[in-house]
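Taking it in order: structure first as structure tokens, then the write-up.
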Amino acid sequence: MSVHVVGDTRARLSAVCGMLERTCAVSSELLNGASIRSKDIESIVVSADLRVVETISALKAISARMTRVPKRIFLIEQRTRLATLQAYALGATHVLPQPVSQLQLLKQLADADAPPIAPSEPLSGGQEAASAGAASIASMFSAVISGAPIDVAAAKHAGSKIADSIAEDGLANWLTTVRRHHEGTYQHCLLVTGVAVDFGLSLGMSKADVERLYSAAMFHDIGKARVPLAVLDKPGRLDDRERALIETHPAVGYDVLTGTTGITPEILDAVRHHHEYLDGSGYPDGLCADTIADIVRILTISDIFAALIEVRTYKPAMPRATAYEILMGMKGKLEGPLVEAFREVALKR
Ligand SMILES: [Fe+2]
Ligand SMILES: [Fe+2]
């Protein structure tokens, strides 16, 4: 296995190289001025302190070359959610907080969850769109946590790449790419965006409407940035307190985005109301049928479907047909004719 190590100090470089030299073909260079020239790298390991501004700029400078490498493991100095998000925003596919043992690192490198792509093979449009989308969602989440401005244009641009990929390669390819390469909340947001776009296309929506849909989908769960990961990623049932915490995310997302340039009233409405049901049993406002906009109804169906079919470490993907049956069973909550129209997207596309 060929591994390229990039570090912000010589000490970090030699620590990582020392762990890998016996089992891998290792090359290395200092982050400042790194070129990542070799075409045969299968994995890259970045060991750097992401609190240093120069480090972030240097990583941004090499990010285009770095994303050509299929597996990108970042070893981060702080065990915080912000540092993790920052690493994903800078192009990581896997993040390990220091101190990392030799065994952990080798295990992560050997792990087959992201099947290696032949390095000579260019990334597919779908993989590129998924990488850009995940990076944009991660950077939005880190902006919410740190109070930095949210890059609305980057999120919309990532959404448009996802829409292009769906239009070109279809939904099934998108689901496979995203479920194989991305984890947790990014995976969910990428799946919702893809499903919503495909639903819009199948309904014959105009380009402008599809644009509205993917923009709303990219931002819909941004309020989850304020929900602790232990709750978000908890396998199994949530207790009342945890459920109440999760249910704050639509209103939090709405508050965070209000007043942000580029965020339309429609996006705000979708962020706040994507968990409302037609019978008034949803949250946070208990809206009823007439007050829920069409775009929100489409997003809600896409959101539930995506949540059911996503892969988590504790949960395999539910078959699409089973997920669709669950939607069919939500009579009174979701719009019947829309769920009927969704059949094609859920089962065939
Ligand atoms: Fe949500
Ligand atoms: Fe969601």
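Assorted remarks:
- Hey, residue 224 at negative phi and part of a helix (DSSP H, G or I) or not: yes
- Members of the stretch 260-285 found to be exposed (fewer than 14 other Cβ atoms within 10 Å of the Cβ) and either farther than 26 Å from residue 144 by Cα or of a type in the set (A, V, I, L, M) (or both), listed by number: 281
- Yes/no for residue 68 being surrounded by fewer than 17 Cβ atoms within 10 Å (Cβ to Cβ), at pLDDT below 90 and either among the acidic types (Asp, Glu) or farther than 22 Å from residue 107 by Cα (or both): no
- Look at (1) within 23 Å of residue 82 (Cβ to Cβ); (2) at pLDDT 95 or above; (3) away from ligand 2 (no atom under 13 Å from the Cβ); (4) crowded, with 20+ Cβ neighbours inside 10 Å and you find that residue 255 fails only one, number (4).
- Test: residue 195 is within 14 Å of ligand 2 (Cβ to nearest atom) and over 23 Å from residue 287 (Cα atoms): yes
- Of the helices (runs of 4 or more DSSP H) lying entirely inside the stretch 253-349, the ones with 1 or more residues being in contact (Cβ under 8 Å) with a residue 12 or more places away in the chain and of a type in the set (Ser, Thr, Tyr) are found at 294-309, 320-328.
- Every listed requirement among (1) modelled with pLDDT of 95 or more; (2) within 13 Å of ligand 2 (Cβ to nearest atom) is met by residue 309 save one, (1).
Yes/no matrix, rows are residues, columns are (1) assigned to a loop (DSSP other than H, G, I, E, B); (2) surrounded by fewer than 17 Cβ atoms within 10 Å (Cβ to Cβ); (3) of a type in the set (Asp, Glu):
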residue: 192; (1), (2), (3): no, no, no
residue: 204; (1), (2), (3): yes, yes, no
residue: 210; (1), (2), (3): no, no, no
residue: 244; (1), (2), (3): no, yes, no
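- Residues that are in contact with a helix residue (DSSP H, G or I) (Cβ under 6 Å, 6 or more places away or on another chain) and over 19 Å from residue 186 (Cβ atoms), drawn from the stretch 214-250: 242, 245
- Taking the stretch 7-33 as the range and being surrounded by fewer than 17 Cβ atoms within 10 Å (Cβ to Cβ), touching a helix residue (DSSP H, G or I) at 6+ places or on another chain (Cβ under 7 Å) and among the aliphatic types (A, V, I, L, M) as the test, only 30 passes.
- The stretch 154-208: number of residues that are among the aromatic types (Phe, Trp, Tyr) and over 21 Å from residue 340 (Cβ atoms): 2
- Of the strands (runs of 3 or more DSSP E) entirely within the stretch 1-98, none holds at least 3 residues that are under 28 Å from residue 146 (Cα atoms) and of a type in the set (Gly, Ala, Ser).
- Some residue of the stretch 203-223 being more than 15 Å from ligand 2 (Cβ to nearest atom), in contact (Cβ under 8 Å) with a residue 60 or more places away in the chain, more than 24 Å from residue 127 (Cβ to Cβ) and not basic (Lys, Arg): yes
The values are calculated or read from the model by the stated rules, or taken from the named source; none is laboratory data. These figures come from a predicted structure and were not determined experimentally. Positions of Cβ are backbone-derived with ideal geometry, glycine not excepted, and every protein chain shown enters the neighbour counts.
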